[in-house]
Amino acid sequence: ARTGGLLKKAAQFVANQELMKETTGPTESVTAQTSTSTSVLQYQGSRQLTTGTDRVSGTGQHTLTYVLSVPIDRTNSQGSVVHLHLRYADNLNFKNSLVTLKVGDQTVGSAHLDRARANGGTYNFRLPAKLALGNSFTVSVVFNLQLAGSGGTTDVTTPWAELDSQSTAAIKTM
């Protein structure tokens, strides 16, 4: 390889089992234009966080954690988004109730819960382009729930929040 970029391309080509099966000769020429990623048929880029509905209840902080994986020859690139489809109690203190998204140990972002989306709404969080994911990583959804007018009550039956099966991580890769 004449450059470090071409050496990386060649390594990605060799690491891609799908491309290696298509190789017919003892050598293969890899250029800057050679596609070294897994085909769309093999990897659609979207991963479901959960197959059901996961619920938390009570005031305070609650965390739901999911383990996701992408093919080993993939690296996170600009444009990756986690879509959280949530439902939650409409009796929350919306000034102080939050949902926070973490990938690994890194906080990606937070948003205030709002009354308009209480019966079902989506919160979208963009992942930083340089965020290293590896082929297996955790996505944590952290709820900070406060009851309206509660003065910090610790009632464990309300409030509540749910994350459902429409929640996905759309990982753009290169």
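The values are calculated or read from the model by the stated rules, or taken from the named source; none is laboratory data. The shown structure was predicted, so the numbers you read here are calculated from the model rather than taken from an experiment. Neighbour counts run over all protein chains shown; Cβ positions are idealised from the backbone, glycine included. With ligands, DNA and RNA removed, areas are computed over all heavy atoms of the protein, side chains included. Shrake-Rupley method; radii C 1.70, N 1.55, O 1.52, S 1.80 Å.
Remarks
- Apportionment of accessible area to carbon and sulfur, the stretch 44-138, percent (1.4 Å): 44 percent
- The stretch 74-124 has equivalent-ellipsoid semi-axes of 25, 12, 7 Å, by the square roots of 5 times the alpha carbon gyration tensor eigenvalues, sorted largest first.
- Length available on full extension from T63 to H83: 0.36 nm per residue minus the Cα-Cα distance, which gives 5.6 nm.
- Computing FRET efficiency as 1/(1 + (r/R0)^6) for S136 and R115, where r is the C-beta to C-beta distance and R0 is 35 Å, gives about 0.40.
- Maximal additional length on extending the T122-T53 stretch stands at 23.4 nm, based on 0.36 nm per residue less the C-alpha distance.
- Relative packing of 104-110, 142-148, 2-8, which averages over residues the other C-beta atoms within 10 Å, highest first: 142-148, 104-110, 2-8
- Proximal lysines relative to K130, as straight alpha-carbon distance under 22 Å, when same-chain residues fewer than 8 apart are discounted: K8, K9, K102, K172
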